[in-house]
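So the structure is just underneath, and the comments pick up after that.
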Amino acid sequence: MQYPYQPLEPGLPEAPIIPVHLTRPDWQTPLLSTTIDAFLDTGSDCTLVPLAVISTLQLQVSRSTAIIQGIGGEAGQSIAAYLNLTIGDTTIRAVKVYGYSGELLNNQIILGRNVLNQCCIEFDGIHQKITFKAVIPQN
């Protein structure tokens, strides 16, 4: 699967952004789903989703919370939830995600290493494309 880099904002270089399909985890019914763009962030430990996605999918929120801190030092408390995430034709089940306000990156998901480490990805900045060579869910 190959995806071209996408523009972020004027004046910023194009970035690795791909469409992903999200569904409620298998233990939650009814099945609700949405498709949204995801920014591939190799510097992020975890995957962040806009709170609006948690609401749209009516995800059950976990009792655990986390303090999420960005490079700029801003920190905030975040709620955790689980969802299924599909890249191309491969689904990674029960991915733990954290909700954020959605003001970053135009309400996109920030896809962190908890998902990216289950993939073999080539980031080709020269040709501005991402190639997924394999997605092997560990769940």
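The values are calculated or read from the model by the stated rules, or taken from the named source; none is laboratory data. This is a predicted model, so every value here is computed, not measured. When we count neighbours, we look across all protein chains shown, and the Cβ atoms used for this are built from the backbone with ideal geometry, even at glycine. These area figures cover heavy atoms from the full protein model, side chains too; ligands, DNA and RNA do not enter into them. Shrake-Rupley method; radii C 1.70, N 1.55, O 1.52, S 1.80 Å.
Observations on the structure shown:
- As a summary of the residue check, L48 satisfies the conditions (1) touching a residue at least 12 places away in the same chain (Cβ under 8 Å); (2) more than 10 Å from Q108 (Cα to Cα) except for the one numbered (2).
- Counting only strands (runs of 3 or more DSSP E) that sit completely within region 1-76, those holding 1 or more residues that are over 19 Å from Y100 (Cβ atoms), at pLDDT 90 or above and open to solvent by 60 Å² or more (accessible area, probe 1.4 Å) correspond to 2-4, 17-23, 33-40.
- Total residues in region 119-131, condition touching an Asp or Glu at 6+ places or on another chain (Cβ under 8 Å) and either at pLDDT below 90 or part of a loop (DSSP other than H, G, I, E, B) (or both): 1
- Of all residues in region 93-118 being assigned to a strand (DSSP E or B), surrounded by 21 or more Cβ atoms within 10 Å (Cβ to Cβ) and of a type outside the set (S, T, Y), the one that is modelled with the lowest pLDDT: G99
- Complete set of residues in region 8-41 that are over 20 Å from I87 (Cα atoms) and of a type in the set (G, A, S): G11
- T35 touching a Ser or Thr at 6+ places or on another chain (Cβ under 6 Å), of a type in the set (V, I, T) and without any contact (Cβ under 8 Å) to a residue 40 or more places away in the chain: no
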